[in-house]
Each structure stands twice: as C-alpha cells, then as structure tokens.
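Q: Handing you this structure, nothing more for now.
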Amino acid sequence: MTLSVGATIPDVELRTMGPKGPVPVRSRDILGQGRVVLFAVPGAFTPTCSDYHLPGFVLRADEVRAQGVDTIACIAVNDPFVMGAWATAQNVGEAVVMLADGNAEFTRAVGLEWDGSGAGLGVRSQRYAAILENGVVTSLEVEPKPGVDVSACSAILAKL
C-alpha cells in the first residue's frame, strides 16, 4: 500500500518515550482519532529535520491546534530513546507526539520508505506531512526533493 488521500492508516505498533522508558502504542490509537497532523522525517538529529521541520511544528503548534487539530505527531525510523532525546533537545514538550518507528513497520506499511543505505542511513522514511480525519488521509504532501517545502508547518497550515 502506498498512502494516498482516502486511505486509512495502518495499525502497527510504534513506541513513544514515557517517564520510565519506551511505551508501546498502536498507530491507530494515536493517529486514528480526531483530526491529526502527521509529519515524517528521515531522521532525528539530522540537520534539516532539526533546523526546520520539527521546530516549525513545535513553534506553531498553537496555530495548528487553533485550526481544529487534536494531535500533531512526528514519526521517524529511529528508536524511542533517540526520539526522546531529540524531543528534549528540541524542547518539544507536549506540542508534538514523538513516534518511534524503529523497525520501519509503519513506514513500510504506508509505502513511503527511502533507502538511505548509500549514505549509511539504512531504511528511512521519506519526508511528508498528512492531515488525517479519524484515521483517514484527507491530505498528503510528500517532498519531491530534499528540503522542507510542501510538508512544512506553514504549508500544512494553509491546507487546514
């Protein structure tokens, strides 16, 4: 399956970092209820993800929520410890739910994996942003080239 408008998100196990360590969560429990903005990054702590993509959503989370969004979630093919450390380093707080897709199960299930082996990165996610209504994709923007443009917070705000 390649994620597309009208598709229902898959139900796979992901992880978040809780106060006592990694916590398993189901993608449908986090992403399948209410209005959700999901954005995916190739990797935590990478320059574009850390300098532009995640900070845009953190800084403008109140604006996004004011448009009727219940949850803002970031997903990456990283382990929950890395996602937790990245959230701390980026002062994410409660602004964005950080989802670790350590085995790329969600990423593969939505057909948006990227082979970064040539750069020593292994399987990663393509950079994208989606708007979901009760788990159904109503908007999907996949970056056609490196950088943050169509999946940036400003671009998603214009679609809300």
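The values are calculated or read from the model by the stated rules, or taken from the named source; none is laboratory data. Since we're looking at a predicted model, the values are computed, not measured. Ideal geometry is used to build each Cβ from the backbone, glycine not excepted, and the neighbour counts take in all protein chains shown.
Q: Considering segment 3-44 alone, what residues qualify as being loosely packed, with under 15 Cβ neighbours inside 10 Å and assigned to a loop (DSSP other than H, G, I, E, B)?
A: 4, 5, 6, 11, 19, 20, 33, 34
Q: Looking only at segment 106-159, count every residue that is at pLDDT below 95 and closer than 21 Å to residue 62 by Cβ and tell me the total.
A: Number satisfying all stated conditions: 0.
Q: May I ask you to list pairs of residues, at least six apart or on different chains, whose Cβ atoms are under 8 Å apart, with the first in segment 82-96 being farther than 12 Å from residue 72 by Cβ and acidic (Asp, Glu) and the second being modelled with pLDDT of 95 or more and loosely packed, with under 12 Cβ neighbours inside 10 Å?
A: none
Q: Does segment 76-101 hold any residues that are at negative phi and surrounded by fewer than 19 Cβ atoms within 10 Å (Cβ to Cβ), and which are they?
A: Hits for segment 76-101 are 79, 81, 82, 85, 88, 89, 94.
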